[in-house]
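Chemist: Starting off with a structure, shown below.
The values are calculated or read from the model by the stated rules, or taken from the named source; none is laboratory data. All of these numbers come straight from a predicted model, not from anything done at the bench. Here Cβ is always computed from backbone atoms with ideal geometry, including for glycine, and neighbour counts include all displayed protein chains.
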Amino acid sequence: MPLATTTGRQTRPRRLMLYGVHGIGKSTFAAEAPNAVFLPTEDGIADIDCESYPLSSCFDQFMHYLQELHDEEHDRSTLVIDSLDWLERLIWAEVEKEHSVDSIEDIGYAKGYTFALKHWRTVLKQLERLRDARGMTSILLAHAKIERFTPPDLDAFDRYSPKLHKHASGIVQEWCDEVLFANYQVYTQSSGEGFDARTKGVGNGERVIHTSEMPAHNAKNRARLPVTLPLSWQAYFDAVEKGKTL
C-alpha cells in the first residue's frame, strides 16, 4: 500500500502572537487583518474601527464566544484576542473559583499556575478547531515586560518578553507560528573619544516588528521573515507570501 503522506508546503491560516510596548499599535495592526473580529479581555479598542464581541468578564464567557465562532455560520477569517495577559487574569480567576481561594498564590507550591495550564490548553485547542473548521487566522496580542534572562552559557541580562507567567508563555509560544515583538526603532549614536566617548539611543518614532530571537527580545518565525518589518498587517502578510517562494 502507498504511504499516506503529502509533499510540498501546506498553506494554512497563521497562528500569530504579537506583543509589544504599551500603546505602540498592536490592536491597530490586528484590525488591518481581513474580516477580523476581536474577542476583547481588556477595555482598549474603543477608538479602533473594528468588529468586536462584548468584553469578556469571566473565562466561561470568553469560551462561550469561542464556541459560537466555531458553531455559527459566519464569514470572519481572523480572530483577534486582545489581550493574552488580561485573558490570563480570567484564567487565574477561574482557578481561584475552582479551588475556593482568594488568590492563585494561595494554592501552595505555585501549583495554581500549573492548574492554569489546563485552561490555556483548552483555549489553544479551541483556536486549533477554528483554524481547521473555519479557516481562521489567530492573532494573539499581549503587552511586553522586561525580564531577567539567564542563559546557561552567558551572564544574565534583561530582555523583553510577553507579559505572561513563564509556563503559560511557553506553551502559547510553542503553539504559534510567529512570535513577533513590536517596538520603536532605536539607533545608536556615538560621540567623543577615549574617556569622553558616549553612546546613546536615538529614534524617530518609527514602529517596527522584530521577527527573530535576539538578546534584547524574545521572538520567532516559521515563515522566513526579514529580521525587522514595518508594524503593519500588509507588511507582515507580504513578507509571509514572499517567504513561501524562498
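Chemist: What about residue 224, is it over 21 Å from residue 79 (Cβ atoms), assigned to a strand (DSSP E or B), basic (Lys, Arg) and at pLDDT below 95?
Modeler: It is false that residue 224 is over 21 Å from residue 79 (Cβ atoms), assigned to a strand (DSSP E or B), basic (Lys, Arg) and at pLDDT below 95.
Chemist: Failed condition for residue 51, given (1) closer than 23 Å to residue 172 by Cα; (2) under 20 Å from the mean Cα position of the chain (by Cα); (3) of a type in the set (D, E, K, R), with all others met?
Modeler: Among (1) closer than 23 Å to residue 172 by Cα; (2) under 20 Å from the mean Cα position of the chain (by Cα); (3) of a type in the set (D, E, K, R), residue 51 violates only (1).
Chemist: Then there is this: Residue 119 is checked against (1) crowded, with 16+ Cβ neighbours inside 10 Å; (2) under 26 Å from residue 75 (Cα atoms) and fails just one. What number does that condition carry?
Modeler: The single condition residue 119 does not satisfy is (2).
Chemist: Then there's this: Here is a check on your reading of the model: is residue 128 surrounded by 13 or more Cβ atoms within 10 Å (Cβ to Cβ) and farther than 17 Å from residue 58 by Cα?
Modeler: yes
Chemist: For region 30-40, indicate whether the set of residues that are assigned to a helix (DSSP H, G or I), in contact (Cβ under 8 Å) with a residue 12 or more places away in the chain and touching a helix residue (DSSP H, G or I) at 6+ places or on another chain (Cβ under 7 Å) is non-empty.
Modeler: no
Chemist: To continue, here is another question. Would you call residue 43 acidic (Asp, Glu), under 16 Å from residue 143 (Cβ atoms) and in contact with a His (Cβ under 9 Å, 6 or more places away or on another chain)?
Modeler: Judged against the criteria, residue 43 is not a match.
Chemist: If you don't mind, another one. How many of the residues in region 73-89 are touching a strand residue (DSSP E or B) at 6+ places or on another chain (Cβ under 6 Å) and over 28 Å from residue 161 (Cα atoms)?
Modeler: 1
Chemist: For region 193-212, which residues satisfy the criterion of being at pLDDT 95 or above and either under 25 Å from residue 9 (Cβ atoms) or among the hydroxyl-bearing types (Ser, Thr, Tyr) (or both)?
Modeler: Selection gives 209, 210, 211, 212.
Chemist: If you don't mind, there's one more thing I want to ask. Going through region 1-29 one residue at a time, which ones are polar (S, T, N, Q), in a loop (DSSP other than H, G, I, E, B) and touching a residue at least 12 places away in the same chain (Cβ under 8 Å)?
Modeler: Matches in region 1-29: 11 only.
Chemist: Of everything in region 225-246, what is of a type in the set (D, E, K, R) and touching a Ser or Thr at 6+ places or on another chain (Cβ under 9 Å)? Give them in sequence order.
Modeler: 244
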